[in-house]
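Everything below concerns the one structure shown next.
Coordinate-derived values only; no laboratory data. Computed from a predicted model, the values in this text were never measured in an experiment. Virtual Cβ from ideal backbone geometry, glycine too; neighbours counted across all protein chains shown.
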């Protein structure tokens, strides 16, 4: 029968509407003030720590509404921001440096919705205030450092193979070797080619000398740049965690840029100082008198020539004062598996100077225990004279202790690790102690919290005004069919918000602009359909035939119009960045949802009203 959908189509539309309403619902519940407690650098958030947190809150009379584990962090919710602030101050003082305490606004979504993985959209920096940095990584320096890492290896290789040369030097992005004879050069080429497949070798001659030039292959250059970018992101993420920012955004943009967004942070100079801070490593020998450390602690005196440190688990350890090596000598660190024991390990590569020093030292200390100390300048919040201030504090802890099994050179392994995850974490710590390549802040924006709040108010007012204006116009101009279009428009907004929530998209001001534009564009399809229906009626067709022709014949025009807009949105997404992408995502999704609601959704309602019965006239 004309103008009637089969049951499955009606059921599909109802299911889409119900599911969309369900996943759009979390955006209505608002947010609760909360404090997040998370571990730093290898520490674990155990049930004992949770009990300590709750006991601290109870001791100081701070009421909380709920405490739960979320993504490896303890989340404690409060009824007011005053309780949140008091809790943050007391927990920072109690937990010390092993745990980061961050203030946050946590969605107040009910448990039954969270069980369905229904979450609200994130708010962008322009809607809640904070600082935005766009940083550019110096990839030229990253590649130069990678080339430099091979220079010492090649010198050692030529020395081991007895190949005499007249110098191995760095020239920009290449390693240049000079030889007396072509035979020596060819022998060096063969040995280097076998040892380092990621180097491209070319030669040249002069009347006096024969040269061999080694450069990174294209694949190795890409890998070096990728590693530098990832290491810088890891380093920045570690440092941002110490800022106490609950929901930072640290992500790659393009091949050599990093976006850092810090919601709630209002001091750009402080943020720059922390993001540009340094963290270093030290290698020292463990003192054998560590076995009797309890007696030294009881007496309050430690042996001369030693220093007292703590391991990651809090156990004390005695180390000799002499620093064998620092992290400045580490060129590379990677998680691996020890070939002999099959246990997790971390492979370390030192620079030329550090390698010689380490080789000279370890040949006389086989069987001794080597400790790795991680040193970092942390910024903590403290209350001084009733004011909250941030103070710099140097933290030192022993992250690894392992036996020296043999004489070590430029390359060696740290063993004695419990799991591959621990090896991976340690490798990251060793690499992320400092930035792999220099970064330059090329864009900086600071947005105040009051401005963010005003942006939210104005943005939603724009959506509401646009929505109501379109509703009134359509109802006045197209009567019953206008009311159907209004219903489809409301359906479209619900589906769009649900999709943005499901994708965990970040809502920004340009995103709100995209929603406003979608509201206006969503009824374009209905206008085309209704005008076609009116034209069919003027041509003398029956109401049922006019409805059918209006929806069928307007479809091609609607598809063409939306396709061109969708192409423009995709181009914006592909070539734009940051807010531009947010606008493009919202606009693209809005086009798709409006196509569904304007064509299928309104057609289903019109079919229910007019389909399957004799109609003399249409109220259009």
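Projecting label points 7 angstrom from Cα along Cα→Cβ for residue 472 and residue 343 puts them 7.7 nm apart.
Taking all pairs of distinct Cα atoms, average 1/r, flip it, and tell me the Kirkwood hydrodynamic radius of region 140-221 in Å to one decimal place. Present the calculation step by step, with values, prior to reporting the outcome.
Working: mean 1/r = 0.0788 Å⁻¹.
Final number for the Kirkwood radius of region 140-221 is 12.7 Å.
Placing dummy labels 7 Å off each Cα toward the beta-carbon, the span from residue 202 to residue 139 is 2.0 nm. Computed over the alpha carbons of region 564-604, Rg followed by Dmax gives 12.0, 39 Å.
Based on the Cβ-Cβ distance from residue 614 to residue 560, what FRET efficiency comes out when R0 is 30 Å, to the nearest 0.05?
Values: r = 35 Å, r/R0 = 1.15.
The value I calculate is 0.30.
I need the shape label for region 507-582. Rule: rounded when a/c is under 1.5, else prolate if a/b > b/c, else oblate, with a, b, c from the alpha carbon gyration tensor. Prolate shape, in that a/c is at least 1.5 and a/b is the bigger ratio. Ordering 20, 588, 204 by the number of other Cβ atoms within 10 Å of each residue's own Cβ, fewest first, gives 204, 588, 20. Please give the helix 449-502 orientation as an angle from the longest Cα principal axis of the chain, in degrees from 0 to 90, rounded to the nearest 10. Tilt relative to the chain: about 30 degrees. Between 0 and 90 degrees, the angle of helix 47-59 with respect to the longest Cα principal axis of the chain falls at about 70 degrees.
Pairs of Cα atoms nearer than 8 Å and 6+ residues apart set the relative contact order; for region 31-108 it is 52 percent.
In what sequence do 596, 583 fall when counting other Cβ within 10 Å, fewest first?
Details: 596 15, 583 23.
If I rank by nearby Cβ atoms, fewest first, I get 596, 583.
Cβ-Cβ distance of residue 194 and residue 363, R₀ of 30 Å, FRET efficiency by 1/(1 + (r/R0)^6): the value works out to about 0.65. Full extension of the chain between residue 8 and residue 54 gives 11.3 nm of extra length, using 0.36 nm per residue less the Cα-Cα distance. Taking the Cβ-Cβ separation of residue 313 and residue 112 as r and a Förster radius of 35 Å, what is the calculated FRET efficiency to the nearest 0.05? Calculated transfer efficiency: 0.35.
Extension gain for residue 541-residue 304 works out to 74.8 nm (0.36 nm per residue, less the C-alpha to C-alpha distance).
Measuring between their Cα centroids, region 1-21 and region 453-495 lie 22 Å from each other. As a length-normalised measure over Cα pairs under 8 Å and 6 or more apart, the relative contact order of the chain settles at 17 percent. Against the chain, whose longest principal axis comes from its Cα atoms, helix 218-243 is set at around 80 degrees. Per-residue extension of 0.36 nm, minus the Cα-Cα distance of residue 19 and residue 462, leaves a gain of 156.8 nm for this segment.
Can you give me the orientation-averaged projected area of the convex hull built on the Cα atoms of region 31-108, in nm²? Don't skip to the end; give the middle numbers.
Working: hull surface 18.2 nm².
For the Cα atoms of region 31-108, the hull's average projected area reads 4.5 nm².
Only DSSP H runs of four or more residues enter the estimate; each adds -39500 (n - 2.57), and after division by the residues of the chain the mean residue ellipticity at 222 nm equals -16000 deg cm²/dmol. For region 44-79, the residues whose amide N sits under 16 Å from a probe point set 7 Å from the Cα of residue 419 along the beta carbon direction are 44-47, 71-73. Projected over all directions and averaged, the alpha-carbon convex hull of the chain occupies 39.3 nm². With the simple spin-label model, which puts each label point 7 Å out from Cα in the Cβ direction, the residue 253 to residue 568 separation comes to 2.4 nm. By DSSP, the beta bridges lying fully in the chain are antiparallel in about 95 percent of cases.
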